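The values are calculated or read from the model by the stated rules, or taken from the named source; none is laboratory data. Predicted model only: the values in this text are computed from it and were never measured. Note that we place each Cβ from the backbone using ideal geometry, even for glycine, and neighbour counts take in every protein chain shown.
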């Protein structure tokens, strides 16, 4: 932009020099009158030929035509010489103000009438005006392009700033994640060491217990033979207990399947209720409340049965482990059998206590469910009131 402004200032200075030279040539010549002095500024603005010029051209006659022909020939020769260095990359002739000024000076200093010189200067001045307007248009285009480039640069800078901000946030998150991963890994290693120590302690205690049992088995081998019959009876009882547990588990599965079907039926009723809700809103609202209560109750029952099933499976696994240990040790030690019998009694007591606690928690759970259903009904009631209002 600075170079363009400098070139534009130089071209304006050259144009001023051209106007001054034209004024000096007019003041030194005797043929133009005082009324013809403002003719050249009018030509610079409008580009039209005035009546004074036409009169002067008519007076000049054949001599002016001959001088004009000579000036044109000399101008064509100079243009041919300068064609190689004054054309741009597109093949068009490049405007050179200094060459134009030199040509104007040559015309002024050359031979010929003043009218012919004025015509030549008029054409030169018109070409300068056209070139000046073209340069102004090009300057406006360049300024527009510069503005677009500046806007695009600002957009890119904003995007770059946002990208840097996002990158810094991601780097901070990555550092925090690495720190958290290290902490988790350290905690995992610490827990693994603790579990390994516990396992070693348990295995040591278990080995000590096995050694004691082996010694006692050797001491009480004869007494164990007399208790074999009792062991067989206990095994049959345990088998009956396992069969009872299997039948109870089947009953639980049937009940769970029935509850699942009831839940599906409730969901189907709820969907049907949603379809009919637009026509019978009050009736469908009551049915929806009923279905919601049934669905919640069935879900609670399913969850309760699932928990009971998990507890019974855990108890069965515990009984199975105890039974296997019992079968391995009963044939060898009477004291181990007595210990197992005591443990079975304790387990029976624990089971009875757990059943009582389960009944108590079941009662509490039903009360909580009832309170939850009442709360849900109250919420639905207020929701219906808000909806109707």
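Numerical summary
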item: Residue 240 vs. criteria loosely packed, with under 11 Cβ neighbours inside 10 Å, part of a helix (DSSP H, G or I) and modelled with pLDDT of 80 or more; result: yes
item: Members of the stretch 309-328 that are more than 23 Å from residue 214 (Cβ to Cβ) and either modelled with pLDDT under 75 or more than 46 Å from the chain's Cα centre (by Cα) (or both); result: 309, 311, 312, 313, 314, 315, 316, 317, 318, 319, 320
item: Odd one out for residue 235, checked against (1) without any contact (Cβ under 8 Å) to a residue 60 or more places away in the chain; (2) assigned by TED's automatic domain parsing to the domain that holds residue 343; (3) closer than 26 Å to residue 348 by Cα; result: (1)
item: Test: residue 139 is surrounded by 12 or more Cβ atoms within 10 Å (Cβ to Cβ) and at pLDDT 90 or above; result: yes
